[in-house]
Amino acid sequence: MRYALAALFGALLLASCATPTKEQSLVSKAADAMGGARALGDIKTISTSGTSKWWEPEQSEVPGGEPRFSAEGKIDSISDLASRTTRYDYQKNFAYPTARTFTYSEVVTPQAGYVIGIDSNGRNAESLKANPPAHSMSGYRLATTQRERARTGIAGMISAMLANPDAVKPAADINGLPAVEYQGFIVAFDPKTGLPERVRNLDYDNIWGDVNYDSVLSDWREFSGVKIPMKRSVQLNGRLVQETQLTDVRINPPIDQARLQIPAGVLANAAKPATGNVPYQWVIRRQYIGTYLDSDNVSYDTKAASPGLRLQQLSPGVFQLVGGSHNALVVEMSDHLIVVDAPVSDAQSMWLLNATKSQFSGKPIRWVVLTHHHMDHAGGVRGLLNDGATLVVGQGNYKHFNDVLRAPATRNPDMKVMDLTRIPIMEVTQSHVMTDSKGRQVMAYAMDNPHAKGMLMVWVPDAKLGYVTDLWNPGQPLPPKPNAGQAAVVSAVKKAGIQPERFAGGHGSVDEYQKLEKLMGQ
Ligand SMILES: [Zn+2]
């Protein structure tokens, strides 16, 4: 009896020492619900097949409106857990910005990433040079793909949590669901079933600032004793941006290792996964619409022949910010500057701000004009408002940008937090004239167009220069017949009663307007 009691106390003592934390209990309950620690640990390889749909909220037609449906397609994946290598085979049929199909593969290892085929309209120099097309992933893309693979592979994540209990940290509940934090992920569990229900990252979005990026897991089915979520809904601040439905899962299928290889020549020069401030949302969401430029600078291709941004003079006091995937226009007035478009990121805006400070002897940016609200042409808006400018936007954009400037942006990697709530926002219903003391004028005109509601065209009369974005890319070859965007530019010019000699663009460079007018006449 005495011995039994001693044993009992001993056991109790041991149990109290090793009492699992609330977080560890949530993880072991989840592991049990998914088939048990052993079944999870026995997964050596896993393959999945499924279909996906994508939406991009900040390419909406209306500012703040319904997310734009961008693509649907098939994704097959195969993972070798021992080498931590995954291959994805995609067939993505895009509806936006134009209809096209990209069929390509990705191989992701801990050290490098490899893209086989064409996956974007914004191909980098390495992809363009390779025959057949292929390229190594940038460090940004590799780190992002690795993170998203971990988010998707929930069985692996729960297994990893079991193996590293000390790394499982407390986290605040999500919508009443108990949650844990693990290596940057916040995982919330269904209290009834114990299954993981939501996997969250705290990301930064160039428009909405601090955002929650969530995978919501459902439709659990059992394969070889392991429960797998067949449905994954991805939400950005609660709005659906991707939905995946798996159709087939195989646990421990044989693997053709040759399909998981990255060629030695590619591997030798491939980027390592980026650390620090990875622009996850930019990398993920530019891929949603098939326009991602795979580069370790979000503004330009670091592998281009002469990489970097620069100010190109088009006319006295009129400059185009070029050298990257997205341009802007800078007009020098007598005692201030006007900037048209705030593309990509606040990092690009900071570059422009510094360039203007040295080139225009400290003239402040007094007007920031946005041609439209899309995230790739407005994502650097905060950075350009540094001098306390007035923000000029098209009709129907006021509420959207009023909300944007009030959204918390504490995770902005490119600039310190600023109070932008007092920035005046002006909506242009027809036209707006900006004038300086010497009589130089710059006009913004509202224009009917097929791309976005409340779009603006800009006109610098003394330079006889117009500026448009996403409707016509001046300097790029013209199609045999004008498209709807190009036709909209010609209509807007006629409506405004202006006689432009040239147009500069938010994409492309600068070109003679006559070429477009001639094309319309045909
Ligand atoms: Zn656009």
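Where a number appears in this text, it was derived from the coordinates with a stated rule and is not lab data. Everything numeric here is computed off the predicted structure, so don't read it as measured data. Glycine gets a Cβ as well: all are built from the backbone with ideal geometry, and neighbour counts include every protein chain shown.
Evaluating 6.51 cos²θ - 1.76 cosθ + 1.60 at θ = phi - 60° for every residue in the range 430-438, the Karplus couplings come out as 10, 8, 9, 10, 10, 10, 10, 5, 9 Hz, glycine and proline recorded as x. Relative contact order of the range 474-522, taken over Cα pairs closer than 8 Å and 6 or more residues apart, is 51 percent.
Close amide-amide hydrogen proximity is noted between residue 302 and 296, 297, each under 5 Å apart and 5 or more residues distant or on a separate chain (H modeled in the peptide plane; Pro and chain starts excluded).
Using the per-residue mean of other Cβ atoms lying within 10 Å as a proxy for protection, in what order, highest first, do the peptides 151-162, 115-126 fall? Let's see the in-between values first.
Working: 151-162: 20.8, 115-126: 19.3.
Per-residue Cβ counts within 10 Å, averaged per peptide and sorted highest first, yield 151-162, 115-126.
Around the Cα centre of the chain, unit charges on the Cβ atoms of Lys, Arg, Asp and Glu (plus for the first two, minus for the last two) sum to a dipole of about 380 debye.
Divide by every residue of the chain the summed helix terms, -39500 (n - 2.57) for each DSSP H run of at least 4, and state the resulting mean residue ellipticity at 222 nm, rounded to the nearest 500 deg cm²/dmol. Working shown, then result.
On the way: 14 runs with 130 residues, N = 522.
Calculated mean residue ellipticity at 222 nm is -7000 deg cm²/dmol.
For residue 55, nonlocal amide neighbours, meaning residues 5 or more places apart or on other chains whose placed amide H falls under 5 Å from its own, are 70, 242. What separates the Cα centres of the range 241-298 and the range 74-90 is a distance of 10 Å.
3J(HN,Hα) along the range 28-35, derived from phi through the Karplus expression 6.51 cos²θ - 1.76 cosθ + 1.60 where θ = phi - 60°, amounts to 5, 5, 5, 4, 4, 5, 8, x Hz, with x in place of Gly and Pro. For residue 506, the residues 5 or more places off, or on other chains, whose built amide H falls under 5 Å of its own are 468, 469, 470. For residue 53, the aspartates and glutamates whose Cα falls under 13 Å of its own Cα, not counting residues fewer than eight places away in the same chain, are 72, 243.
Using alpha-carbon pairs under 8 Å, 6+ residues apart, how would you state the relative contact order of the chain in percent?
Details: 1145 pairs, mean separation 63.4, N = 522.
Taking the mean separation of contacting Cα pairs over the length of the chain, I get 12 percent.
How would you order 424-434, 338-348 from highest to lowest mean count of nearby Cβ atoms within 10 Å?
Values: 424-434: 14.4, 338-348: 26.2.
The most tightly packed comes first, giving 338-348, 424-434.
Angle of helix 346-359 to the longest C-alpha principal axis of the chain, folded into 0 to 90 degrees and rounded to 10: 40°.
For the range 310-521, what does the relative contact order come out to in percent, with C-alpha contacts under 8 Å and a separation of six or more?
Working: 451 pairs, mean separation 34.1, N = 212.
Once divided by the residue count of the range 310-521, the mean separation gives 16 percent.
Helix 154-163 axis versus longest C-alpha principal axis of the chain: approximately 60°, rounded to the nearest ten.
How many Å³ per residue does the convex hull of the Cα positions in the chain occupy? Write out the running numbers ahead of the final one.
Working: hull volume 87.9 nm³, N = 522.
In the chain, the Cα hull volume divided by residue count equals 168 Å³.
Take 212-218, 417-423 and order them by the average number of nearby Cβ atoms within 10 Å per residue, most first; the result is 212-218, 417-423. Stretching residue 231 away from residue 494 to a fully extended chain increases their span by 89.6 nm, per 0.36 nm per residue minus the current alpha-carbon distance.
Cα centroids of the range 426-485 and the range 335-414: 17 Å apart. Listed values for the range 360-377 are Karplus-derived 3J(HN,Hα) couplings in whole Hz (6.51 cos²θ - 1.76 cosθ + 1.60, θ = phi - 60°), namely 10, 5, x, 5, x, 7, 9, 10, 10, 9, 9, 5, 6, 8, 4, 4, 7, 10, and x replaces Gly and Pro.
Here the scattering of the range 20-288 is modelled by Debye summation over its C-alpha atoms, one equal scatterer each and no solvent; at q = 0.09, 0.13 Å⁻¹ the log10 of I(q)/I(0) is -0.41, -0.90.
Note on residue 74 and residue 422: the extension gain reaches 120.7 nm, defined as 0.36 nm multiplied by sequence separation minus the Cα-Cα distance.
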